[in-house]
Amino acid sequence: MRGIDCDVHPTIPGTHVLLPYLDDYWQHQLVDRGIDSLATITYPPNSPITARPDWRGEDGQAAVDVASVQEHVFSGLGSDIAICNCLYGVQMIFNEDMAVAVARAINRFIAAEWLDRDPRLRASIVIPIQSVEKSVEEIEYWAADKRFVQVLVLSMGEMPLGRRHYWPIWEAAVRHGLPLAIHAGSSYHHPVTSLGWPSYHVEDYAAQSQGFQSQVASLVCEGTFAKFPDLRVVLLESGVTWLPAFAWRLTKFWFGLRSEVPWVKVPPTEIIRDRFRLTAQPFDAPDDAAIVQRAIEHLGSDEMLLFASDYPHAQFEGDRAVPAGFSEALTQRMRIDNPLDTYPRLRESLS
């Protein structure tokens, strides 16, 4: 095996492709309301980072069909398996019933138009996190389809993910052997910074790490892993180099305040190394091999990083999806061993 790409983004070109996967009522609702798109990507659509020119189709969009992934991810970047993480506005919808309908339509669309067309593809279950009950139902609905390998949410939503309000969702995920995947992004119901709304895209993008830090702290301190010791969390498109310093800071204050959270029985750094995994693209470090090696050493584990291209986002030069400074041994672990350890369903399907 050459590798497993843990973060590929299928593009939904518009709500028109979801209409066949909605019932009559919601078809009419989307058409009558003129909802042509629920796209929430914060990348400027035509910016270079959104997609390379050679990855775009005639209409300017990239990753709109299986053929593009076959050409660019499997052939071009040399992966054998790709996990599709579809980001398409479910979390932004205020109407809970609409969110439920759209989440089901997205999962049906991915299963029929992507997974059915190439056995090398896997996917995440998109859930309508606005409703805990319906999120559990969505997991139960797709649990029998082993091509779905994790549950997908965004890093910034209505409240921290460790809150016990969400525990029934994580219980369902653990019961079916599904990691929780937290991807960069926001419902935009609240500011993306603790100081209010920023003015520019660069501020929004840089602030995503704040969201991930808050989610890591929440999941650790709320006792999520004490309740669900088998829960594995994957941070997608989170960056990497912020984590060691944040883990040290969280652990420092835990030593002084651990009487407040008696269920956190070991230092947070240990929980984070054991329970969390991160995709290594985009990699937020200078293009200097020595600095990169040192940053990786600060993680304290060679089991935490997963290979990802973040396709079709253009986060690297050419086809060099693995940053400079990653050793051959670590690259091997990232591409094959760590993903297989992280995703039980993937390991079972390939054994």
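Since every read-out is calculated from the coordinates, none of them should be taken as a lab result. Please read these numbers as outputs of a predicted model, since none were measured by experiment. Cβ: placed from backbone, ideal geometry, glycine included. Neighbour counts: every protein chain shown.
What order do you get for Tyr343, Tyr21, Tyr88 when you list them from fewest to most C-beta neighbours inside 10 Å?
On the way: Tyr343 27, Tyr21 20, Tyr88 24.
Placing the least packed residue first, the sequence is Tyr21, Tyr88, Tyr343.
Can you sort Trp167, Trp248, Trp26 by how many other beta carbons sit within 10 Å, fewest first?
Ascending Cβ contact count within 10 Å gives the list Trp248, Trp167, Trp26.
Report for the chain the percent antiparallel among DSSP-assigned beta bridges with both residues inside it, nearest 5.
Working: 2 of 27 bridges.
Antiparallel: roughly 5 percent of the beta bridges in the chain.
What's the FRET efficiency of Gln315 with Asp337 using the Cβ-Cβ distance as r and R₀ = 35 Å, to the nearest 0.05?
Calculated transfer efficiency: 0.95.
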Rounded to the nearest 500, the 222 nm mean residue ellipticity computed for the chain from DSSP H runs (n ≥ 4, each -39500 (n - 2.57)) alone is -10500 deg cm²/dmol
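Only loop residues by DSSP count here, and only those with at most 11 other Cβ atoms within 10 Å; note down the chymotrypsin sites (Phe, Trp or Tyr not before Pro) in segment 139-203 that meet that.
Numbers: sites: Tyr141, Trp142, Phe148, Tyr166, Trp170, Tyr188, Tyr200; in loops: Tyr188, Tyr200.
Here the sparse-neighbourhood loop sites are Tyr200.
Among Asp310, Asp59, Asp230, rank each residue by its count of other Cβ atoms within 10 Å, from fewest to most, as a rough exposure measure. Display every interim value, and only then the final one.
Numbers: Asp310 23, Asp59 8, Asp230 12.
Least crowded to most crowded, the residues run Asp59, Asp230, Asp310.
Counting residues in the chain as N, plug N into 2.2 N^0.38 Å and put the Cα Rg over that result. Spell out each step's value before the answer.
Working: Rg = 19.4 Å, N = 351, 2.2 N^0.38 = 20.4 Å.
Dividing the Cα radius of gyration by 2.2 N^0.38 Å gives 0.95.
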Of all stretches in the chain that avoid GluC sites (Glu not before Pro) placed in a DSSP loop and having at most 11 other Cβ atoms within 10 Å, the longest is 59-316
For segment 1-85 the trypsin sites (Lys or Arg not before Pro) that pass both the DSSP coil test and the at-most-10 other-Cβ-within-10 Å test are Arg33
